[in-house]
Amino acid sequence: MFAVVVAALLAAQDPPRLEETIVVTAERLEQPAEESTAAVTVLRGDELQRLPAQNLGDALRLVPGLQLIAVNPGAPPMISSRGFFGAGEVEYLQLRIDGIAVGDAESGLADWRSVPLQSIERIEVMRGAGSSLFGDTALGGVVQVFRRETSHASLSAGNLGTLRWTGSYASHGLSIGANVSRSDGFRAHSAHEERFAHGAFERGRMRVSLDASQREREDPGPLGAEELYRDDREDSQRARAALRYRDESFEALLHAHDRDTQQVRTLLLAPGFGDRATRGLDAQGIGAEAIKTFTLRNGRIATGADVGYESLESEYSTDINRTHLERRALSPSSPFGGPRARRSSDGGDGTRRSAALFASGEWRVTPSLRLAAGGRFDALDDDFASAAAHDHAFSPRLGASYDLGDVTAYVQLARAFKAPTLDQRFDVRELAGAFTISNPDLVPQRSRNVELGARGKAWEVVAYTTDVDDEIDFDVRTFRYANIGRSRHRGVETMFALRPATLMYTWTRVEPLEGEHRGNQLKNIAEHVARLDVDLRTRVKVDVHVAVEYSASRYLDDANAFPLDDAVVVDVRFARAFGAFTAAIDARNLFDRDYAPLGFALDDVPFFYPAEGRSLAFTLSWHATKGDSQ
């Protein structure tokens with residue numbers, strides 16, 4: 001309703017320019033996006049500047065099929081892709097920045113805030129099975145970010161003690177940049193501060209890049225359990241380096257990373273009863289990749305290989321912490337021990353070695369019919385302390401697209417896999433001094449995917465079904481990770497760009513195919529998500545962006561006994577350009593909607609993570625004009 005009122009008062013922007021979009025993520029071959037046999041969304045950097053958003057995670061709200069779940073500005077947002085949701089413990093959507101996968105060694109988790117919007121040239125998002133191209137962690141899709149080398153600066157200040165600044169300089173193949181953000185948080189014990197730095201030098205066909213980051217954040221925990229989480233916090237430092245060589249038909253990449261994390265984290269074992277542990281984690285890794293493209297008479301083939309080695313050292317000191325009420329209630333015969341707190345230390349070293357061969361090709365059968373196929377073989381060897389596991393998977397893909405003139409229709413069949421993370425298999429943390437939730441006997445999840453779609457110049461409709469075997473989840477009966485059974489993911493994703501408005505609707509249905517919760521919607525996944533974005537310009541040259549997002553039919557448990565509230569959230573940006581400068585006012589959650597995007601149930605007691613309330617920020621930014629930087 002708010003967007004309709006604004007639209008009635010303001011004049012629409014000029015219509016967008018129509019231009020061909022070339023993508024590389026969908027098939028590892030350059031191709032027009034409209035010919036792809038996969039669901040692909042491209043977000044351009046100049047379009048992102050109009051959003052009431054700050055980083056990559058915010059931008060992904062514009063992609064149908066992705067659900068952004070953010071419960072604390074200090075914590076990295078969690079992304080659900082087509083109903084695959086790791087709840088901040090594991091990643092099903094692979095993030096690649098300038099061609100490099102950037103997930104953490106122990107979990108695959110990616111930092112969706114590490115790239116500010118001002119530094120993004122474009123984002124390519126492939127929804128659905130990506131294992132045939134990118135291997136592990138791509139079961140739900142791939143997000144690839146291409147940074148731009150420009151000179152820019154911005155300063156933003158807002159309520160809740162929020163302060164952000166970013167700046168970069170680029171000239172003659174050299175670029176350097178940094179950004180810093182801090183906030184007191186919207187809840188007690190939710191402050192954070194982050195620092196990121198990036199540098200790159202390119203000469204001819206060679207490019208060297210360096211990235212570093214440092215994060216300090218607090219974690220307030222769910223509502224009703226704040227006392228148990230009063231000491232939870234994280235302090236992490238990361239560094240990453242890459243060397244790339246590229247010519248017309250060959251590309252080689254060598255990369256390395258290092259990470260040091262100190263974290264205090266509480267796990268809620270029962271209402272009023274938490275297990276707190278301090279973890280020290282050191283992780284290092286190195287990897288290499290090579291791709292060669294061959295041109296055929298009626299098509300092209302890209303073949304390649306990649307190898308990787310990651311190691312980590314993990315050490316815990318635990319402290320079973322209890323509230324006063326819980327100390328009185330627990331007896332010495334409790335399965336979690338008597339009323340006295342105990343301390344213990346656990347540690348272990350582990351490695352993951354990976355190797356893969358892949359091929360991807362396209363063939364032009366007729367001017368209108370295009371076929372695409374590919375496959376990838378992955379081998380993973382895990383070793384941790386006295387345990388070991390060996391996985392291998394073959395992930396094939398076959399697709400076709402047909403040009404009907406103003407409409408392109410496509411179909412794709414694919415298989416994908418997701419290996420257990422090192423934490424799911426080998427985490428040595430002992431809960432209550434008695435057991436671990438990790439399980440060295442886990443096997444990879446495997447999926448079968450069917451996707452049908454049609455797209456035009458300004459619209460797209462996609463339908464898919466994905467059947468998953470050996471799905472990995474936390475088994476409340478044994479209180480550890482397990483391959484709990486089979487599930488089915490079905491959905492419809494739509495997008496219509498009717499300037500000045502863009503409308504998206506996604507239906508996501510995720511059901512267990514066996515067990516007591518068969519037929520229920522899996523926890524924390526919204527079945528219905530709709531979003532309306534409107535771009536307008538006033539007569540005084542103020543650009544207005546209004547975003548309205550609606551989510552419905554969510555539950556915090558697989559039994560669907562505890563529904564989460566439906567939510568309508570409105571974000572607004574007002575911006576005015578003055579030459580190379582732009583001043584903007586952002587209002588996030590404009591009407592201060594009170595809802596919980598995430599929760600869980602424990603012993604039939606619900607716990608909720610609240611969404612951030614209204615936030616306001618003023619931003620002044622500068623972008624170099626042509627000729628200011630080269």
| note | The condition from (1) in contact (Cβ under 8 Å) with a residue 60 or more places away in the chain; (2) buried (at least 21 other Cβ atoms within 10 Å of the Cβ); (3) of a type outside the set (A, V, I, L, M); (4) out of contact with any Lys or Arg (no Cβ under 6 Å at 6 or more places or on another chain) that G86 misses is numbered (1)
| Hey, among the residues in segment 93-102 that are part of a loop (DSSP other than H, G, I, E, B) and under 18 Å from A26 (Cβ atoms), which one's most open to solvent (accessible area, probe 1.4 Å)? | D98
| remark: Here the qualifying pairs (Cβ atoms under 8 Å; residues six or more apart or on different chains; first in segment 449-461 and touching a residue at least 60 places away in the same chain (Cβ under 8 Å); second open to solvent by 50 Å² or more (accessible area, probe 1.4 Å) and in a loop (DSSP other than H, G, I, E, B)) come out as K457/L18; K457/D406
| remark: Of the candidates D406, D470, the one satisfying the condition of being among the charged types (D, E, K, R), surrounded by 18 or more Cβ atoms within 10 Å (Cβ to Cβ) and without any contact (Cβ under 8 Å) to a residue 60 or more places away in the chain is D470
| request: Identify all residues within segment 187-213 that are surrounded by fewer than 19 Cβ atoms within 10 Å (Cβ to Cβ) and either of a type in the set (S, T, N, Q) or more than 21 Å from the chain's Cα centre (by Cα) (or both); write none if there are none. | output: A188, H189, G199, F201, E202, R203, G204, R205, M206, R207, V208, L210
| note | With the first residue restricted to segment 382-400 and required to be of a type in the set (S, T, N, Q), and the second required to be surrounded by fewer than 20 Cβ atoms within 10 Å (Cβ to Cβ), Cβ contacts under 7 Å at 6 or more apart or on different chains are S395/G375; S395/R415
| request: Using the structure shown, decide if A256 is in contact (Cβ under 8 Å) with a residue 60 or more places away in the chain, among the hydrophobic types (A, V, I, L, M, F, W, C), closer than 30 Å to S438 by Cβ and out of contact with any helix residue (DSSP H, G or I) (no Cβ under 6 Å at 6 or more places or on another chain). | output: no
| request: Test I286 against the stated conditions and say whether it is surrounded by fewer than 16 Cβ atoms within 10 Å (Cβ to Cβ), touching a Phe, Trp or Tyr at 6+ places or on another chain (Cβ under 9 Å) and β-branched (V, I, T). | output: yes
| request: Return yes or no: is L620 modelled with pLDDT of 95 or more and not basic (K, R)? | output: yes
| query | G453 versus (1) in contact with a Pro (Cβ under 6 Å, 6 or more places away or on another chain); (2) outside any loop (DSSP other than H, G, I, E, B): which is the lone unmet condition? | reply | (1)
| Only one of these conditions is not met by A105: (1) assigned to a loop (DSSP other than H, G, I, E, B); (2) open to solvent by 40 Å² or more (accessible area, probe 1.4 Å). Which number is it? | (2)
| Which of (1) buried (at least 20 other Cβ atoms within 10 Å of the Cβ); (2) touching a Ser or Thr at 6+ places or on another chain (Cβ under 6 Å) does L160 not meet, given it meets every other one? | (1)
| field | Count of residues meeting criterion [closer than 15 Å to P512 by Cα and among the hydrophobic types (A, V, I, L, M, F, W, C)] in segment 523-540 | value | 1
| remark: Reported set for segment 400-423 where residues are in a strand (DSSP E or B), farther than 25 Å from E471 by Cβ and of a type outside the set (A, V, I, L, M) is S401, Y402, D403, T408, Y410
| query | E121 is checked against (1) outside any loop (DSSP other than H, G, I, E, B); (2) free of Cβ contacts under 8 Å to residues at least 24 places away in the same chain and fails just one. What number does that condition carry? | reply | (2)
| said: Of the residues S386, S334, S395, only one is in contact with a helix residue (DSSP H, G or I) (Cβ under 6 Å, 6 or more places away or on another chain) and either at pLDDT 90 or above or among the polar types (S, T, N, Q) (or both); which? | reply: S395
| query | Going by the structure shown, is I291 open to solvent by 50 Å² or more (accessible area, probe 1.4 Å), closer than 20 Å to S209 by Cα and not acidic (D, E)? | reply | no
| Counting only residues that are among the aliphatic types (A, V, I, L, M) and more than 21 Å from the chain's Cα centre (by Cα), which one in segment 216-240 is surrounded by the fewest Cβ atoms within 10 Å (Cβ to Cβ)? | L223
| query | Where residues in segment 424-443 are part of a loop (DSSP other than H, G, I, E, B) and open to solvent by less than 10 Å² (accessible area, probe 1.4 Å), which of them is modelled with the lowest pLDDT? | reply | A432
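The values are calculated or read from the model by the stated rules, or taken from the named source; none is laboratory data. Predicted model, so just to flag it, every value in this text is computed and none were measured. Glycine also receives a Cβ, built like all others from the backbone with ideal geometry; neighbour counts cover every protein chain displayed. Remember, those area values only see protein heavy atoms, side chains included, never the ligands or the DNA or RNA. Shrake-Rupley method; radii C 1.70, N 1.55, O 1.52, S 1.80 Å.
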